[in-house]
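Engineer: I have a structure here, written as structure tokens, and I will follow up with some questions on it.
The values are calculated or read from the model by the stated rules, or taken from the named source; none is laboratory data. Keep in mind that this is a model prediction, so the values were computed, not measured. Every residue, glycine among them, receives a Cβ derived from its backbone with ideal geometry; neighbour counts consider all protein chains shown.
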């Protein structure tokens, strides 16, 4: 998969429901908080598909972030299985999980985690220097609309621009999967729409399987599927017949 900043020759409007990227079986996660056990996930069975855009919806404490962290190899379950394509990542050791994260997964979080002393281009280059098949940092920043800001430091950028740098950093290694945890949580509505437009574009133009965590139900209409979570379980799964663009969402 290669990318330029120009208009793509192909747009991926629909997922390939014959190709599961993730499959979880009876996924359980229990945290020990002193003498108290907190059950974050309670037997989650889930499939995410090639090129799919999924919104994971639910209140704080519903298990969304725990699920995303396990899919991304940032955490391990107490019980259950996670398969990424034909590999069982729950059987990986620490070194294999590190390789998996580096080679296959891009992360976007609520807070941007940029290094203040580095420019936008240098922040993105931190990833491209260790990736197997990266795009140029300037190209990644161009994709998120920041080609004229590549030499700016984080303090010289707005919150939305910093988040777009974080997205550029996540996609610069050309990951198969983009996992976003409340990517607009620290932004106002207008800026949040701009950031969602970027994430939507990554999915449509690169075909990157994308999962976005949110507690904001307004974002549901831009997804192929909406997976609602409550108390560590999947409560419902809804498929949108037609996806809305971010600017069409009713906030």
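Engineer: Filter segment 216-246 down to residues that are touching a strand residue (DSSP E or B) at 6+ places or on another chain (Cβ under 6 Å), without any contact (Cβ under 8 Å) to a residue 60 or more places away in the chain and within 16 Å of residue 53 (Cβ to Cβ), then give me how many there are.
Structural biologist: 3
Engineer: Before we move on, is residue 171 in contact with a helix residue (DSSP H, G or I) (Cβ under 6 Å, 6 or more places away or on another chain), within 22 Å of residue 144 (Cα to Cα), surrounded by 23 or more Cβ atoms within 10 Å (Cβ to Cβ) and modelled with pLDDT of 90 or more?
Structural biologist: Considered against the rule, which asks whether it is in contact with a helix residue (DSSP H, G or I) (Cβ under 6 Å, 6 or more places away or on another chain), within 22 Å of residue 144 (Cα to Cα), surrounded by 23 or more Cβ atoms within 10 Å (Cβ to Cβ) and modelled with pLDDT of 90 or more, residue 171 comes out as yes.
Engineer: Could you tell me whether segment 162-175 includes any residue that is in a helix (DSSP H, G or I) and over 27 Å from residue 67 (Cβ atoms)?
Structural biologist: no
Engineer: I'd like the full set of residues that are in a helix (DSSP H, G or I) and more than 13 Å from residue 123 (Cβ to Cβ), limited to segment 141-161.
Structural biologist: Pass one, segment 141-161, residues in a helix (DSSP H, G or I): 141-143, 147-149, 154-156, 159-161.
Residues satisfying the conditions are 142, 143, 147, 148, 159, 160.
Engineer: Then there is this: For residue 141, which of the numbered conditions (1) more than 16 Å from the chain's Cα centre (by Cα); (2) surrounded by fewer than 24 Cβ atoms within 10 Å (Cβ to Cβ) fails to hold?
Structural biologist: For residue 141, the exception is condition (2).
Engineer: Got at least one residue in segment 162-180 being closer than 21 Å to residue 118 by Cα and free of Cβ contacts under 8 Å to residues at least 40 places away in the same chain?
Structural biologist: yes
Engineer: Inspect all residues belonging to segment 68-87 and state whether any of them is assigned to a helix (DSSP H, G or I), within 23 Å of residue 187 (Cβ to Cβ) and under 14 Å from the mean Cα position of the chain (by Cα).
Structural biologist: yes
Engineer: With at pLDDT 90 or above and surrounded by fewer than 23 Cβ atoms within 10 Å (Cβ to Cβ) as the only criterion, which of 187, 244, 249 stands out?
Structural biologist: 244
Engineer: Considering segment 114-132 alone, what residues qualify as being at pLDDT below 90 and within 20 Å of the chain's Cα centre (by Cα)? Give the steps one after another, and end with the answer.
Structural biologist: Initially, segment 114-132 is screened for residues at pLDDT below 90, giving 127-132.
Answer for segment 114-132, where residues must be at pLDDT below 90 and within 20 Å of the chain's Cα centre (by Cα): 127, 128, 130, 131, 132.
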